[in-house]
1. Mind giving me the nanometre distance, one decimal, between the label points for residue 105 and residue 181, set 7 Å out from Cα along Cα→Cβ?
2. Tell me, what is the percent relative contact order of segment 145-196, built from C-alpha pairs under 8 Å that lie six or more residues apart?
3. Grab the eigenvalues of the alpha-carbon gyration tensor for segment 51-149, scale each by 5, take roots, and send me the semi-axes largest first in whole angstrom.
4. Give me the one-decimal nm value for the distance between modelled label points at residue 62 and residue 149, 7 Å along each residue's Cα-to-Cβ direction.
5. Label-point separation (nm) for residue 98 and residue 130, each offset 7 Å from Cα along Cα-to-Cβ?
6. If you average the sequence gap of Cα pairs under 8 Å that are 6 or more apart and divide by the length of segment 59-213, what percent do you get for the contact order?
7. Multiply the residue gap between residue 188 and residue 218 by 0.36 nm, knock off their C-alpha separation, and tell me the result in nm, one decimal place.
8. What does the extension gain come out to for residue 73 and residue 166, with contour length at 0.36 nm per residue minus their alpha carbon separation?
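All of the numbers you see were taken from the coordinates with simple rules; none came from a lab. If you're wondering where the values come from, they're calculated on a predicted model, not measured in any experiment. For neighbour counting, all protein chains shown are included, and Cβ atoms are generated from backbone atoms with ideal geometry for every residue, glycine included.
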Ligand SMILES: Nc1nc2c(ncn2[C@@H]2O[C@H](COP(=O)(O)OP(=O)(O)OP(=O)(O)O)[C@@H](O)[C@H]2O)c(=O)[nH]1
Ligand SMILES: [Mg+2]
């Protein structure tokens, strides 16, 4: 485990500094030395905590199959991947329609606090072989929680990648053939999709995710990536 993690680098990285904008307030600036929050979101059992552990290269978050939600509070883990300070934030299922809004608000606040002032990239975790009715409007719910521009900084992460391997199907083919609702979600998120198999830590999946994270960081306006703006909107 963890063989893919590279030690900290000191050279300047791919991110622009923000000295020419209002965002040079340090809490909004986005440089290679700034940590980035990867906020893992999705319905219960899709593999958020397992994905967090795969990214961290250690079993920090509790992950198990269960008929009821396993993660009940937002949690933070930190690592360094290819020169990028990564803060992984595991969350409970906040998309449950039966959840009281006061409980959801509390969790969002919990998430906000963990994110601090660092830029956020949202990772929407879906199980590749199981797109449910409850997930059809997941982007609408995401926007209500994190603001209408959230899809611009969201990556879709499909777990259970082995299911596709067994069917000898590439992610590209899967996305081409999947349900229109799912394809639309992928398109709304700029086609940023990655495939994970959390039972197998020895693949390039984390690097693939980090490449997408760096793309998002390059694109987003530092003024709108402050978690304080997005999480409290
Ligand atoms: N085969 C396989 N199993 C996975 C994968 N990802 C997660 N699982 C399994 O799916 C189950 C649920 O995973 P979790 O990571 O706990 O799911 P979660 O989204 O955090 O669930 P909650 O905390 O309830 O919201 C566990 O038994 C994991 O081992 C994957 O990529 N492949
Ligand atoms: Mg969990």
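1. So the two model labels end up 2.9 nm from each other.
2. 59
3. So the equivalent ellipsoid measures 22, 17, 14 Å along its semi-axes.
4. Label-label distance for residue 62 and residue 149, simple model: 3.8 nm.
5. Taking the simple label geometry, residue 98 and residue 130 are separated by 1.6 nm.
6. Answer for segment 59-213 is 18 percent.
7. 9.0 nm
8. Answer, rounded to one decimal: 30.1 nm.
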